[in-house]
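Report on the structure given below.
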Amino acid sequence: MVGRVTSPRPERIVIEGCAVATVDGAGREYERGHLVVEGGRIVAVGPGPAAEPDEAVSVRRVDGAGCLATPGLVNTHHHLYQWVTRGLAQQADLFGWLTELYPVWARIGEEDVSAAVGAGLGWLALSGCTTTTDHHYVFPAGAGDLFAAEVAEAGRVGLRFHPVRGSMDLGSSAGGLPPDHLVEDTDAALAATADAIDRFSDPAPDAMVRVAVGPCSPFSASERLMRDAAALARDRGVRLHTHLAETVDEEEYCRATHGCAPAEYAERLGWLGDDVWLAHGVHLDADAIGRIAATGTSLAHCPSSNARLGAGIAPVRDLLDAGASVGLGVDGAASQEAGQMVAEVRQALLLARLRGGPTALTAREALTLATRGGARCLGRSDEIGSLEVGKCADVALWRIDGLGHADIADPVAALVLGAPPPVELLLVGGRPVVEGGRLTTVDEQDLLLRARRAAGRLRAATP
């Protein structure tokens, strides 16, 4: 395993005078409150001003007037490499979109992945995200160490990172969707997955990097890869992630190929359980929802991507009512070009109401999906997802006193229903990553130029 990521940070940060939405189990909120961070942890949160420290300690004070403090947002599904292939296949459904983009992705290398990950993570940070996953499943022959490239870039930007070592071994000649030249040998994919866990995954409570295991989908991964990958993950004590029930085409493929619906197929392969989180779950019937809830399986809801590809609207209200854990994901940057985590909170609320009416999801429930719900998906409920004493100091401070938000009476509604507000301060483990709406860890212009070069090279090289 690589060495632990350590970053300099002030001994104590005191944020005062802001509205506070803790998103804890009791839903505690303070109209004017405080938050104190020390040693990478939250040491105090409550109403009014913070208590003065008893001992002599270096203190940085942040005036939170006009702001709302929330937990940092948790992105539970992404494909960061797609950042440099945005804007393509604009009118395609999922299978058509994949078919058009596979030839482009077949040309990616380490520099492209590094550039894409840097830009995508920087943009996520600017949208209030402190923890993100990345499901990387495209490993062209001779492309280099793509997984190491993305882990290194996450360390530069400074977000808490849950990369998923994805894989595909079911090419078109074997009945899968990807072209044969873009899939891996099954044993090689499993060995590379084990290597990624050994090199990068950190089980510590405040870990900056944790690796998960993730064969891509029922139409790109064989039964053997799915079964053996699940066994590997459980042997190494890491989590499992895959796509499931995203489209009607997938439903039809599973019934024709495996004789059952996607959720039943996943259960047959050992892919339901409290160490699993699934992406999408758009086409789930009552039986599938019951299976997911009863097994403790979590779901990453990706409303904007599902809308962009015309896949449908996931039954979020039904999943929540059944007791399932649901988080939010922005999904791949080429299927959801905005890539803003805070915007996904609003989109989740709006689509839930389109499906189930105006009471289907409240603003606070939508915020919970993006915070506590995401923490549950990643198995980190005790560490992140709410503003509570003892938890990691992953904090988003939103400025809501500008023209677009100041007259919205409820601060949480201002965040969720209003336009995406600027991030005044973003802390990851107490380390400032965004201040005054600007990244502090990396140069934004450098991220832009690197991503632009990578996108230009890929498009020029693609017939």
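What follows draws every value from the coordinates through simple rules; no lab data is involved. Here the structure is a predicted model, which means the values were calculated and not measured. Neighbour counts run over all protein chains shown; Cβ positions are idealised from the backbone, glycine included.
Structure summary
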{"quantity": "Rounded to whole Å, sorted largest first: equivalent-ellipsoid semi-axes of region 356-455, Cα gyration tensor", "calculated": "26, 21, 16"}
{"quantity": "Mean-position separation - Cα centroids, region 337-391 and region 274-326, in angstrom", "calculated": "13 Å"}
{"quantity": "Size of region 274-400 as Cα extents on the principal axes (Å, biggest first)", "calculated": "39, 33, 30"}
{"quantity": "Cα-derived Rg over Rh, computed across region 202-272 with Rh taken as Kirkwood radius", "calculated": "1.05"}
{"quantity": "Whole-number D in µm² s⁻¹ for the chain, Kirkwood Cα-pair radius fed into Stokes-Einstein, 10 °C, 1.306 mPa s", "calculated": "72 µm²/s"}
{"quantity": "Kirkwood Rh, Cα atoms: Rg over Rh of region 150-266", "calculated": "1.01"}
{"quantity": "The chain: Cys lacking any partner C-beta under 4.7 angstrom", "calculated": "Cys129, Cys216, Cys254, Cys260, Cys302, Cys377, Cys392"}
{"quantity": "For region 61-205, alpha-carbon Rg and Dmax in angstrom", "calculated": "17.2, 62"}
{"quantity": "Cα principal axis extents for region 403-463, largest first, Å", "calculated": "53, 30, 19"}
{"quantity": "Distance histogram for region 59-126 (every C-alpha pair counted, 10 angstrom bins, percent rounded to whole numbers)", "calculated": "15, 35, 26, 14, 9, 1"}
{"quantity": "Reciprocal mean inverse distance between Cα atoms of region 116-158 - Kirkwood radius, Å", "calculated": "11.2 Å"}
{"quantity": "For region 354-399: span of alpha carbons on each principal axis (Å, largest first)", "calculated": "38, 29, 13"}
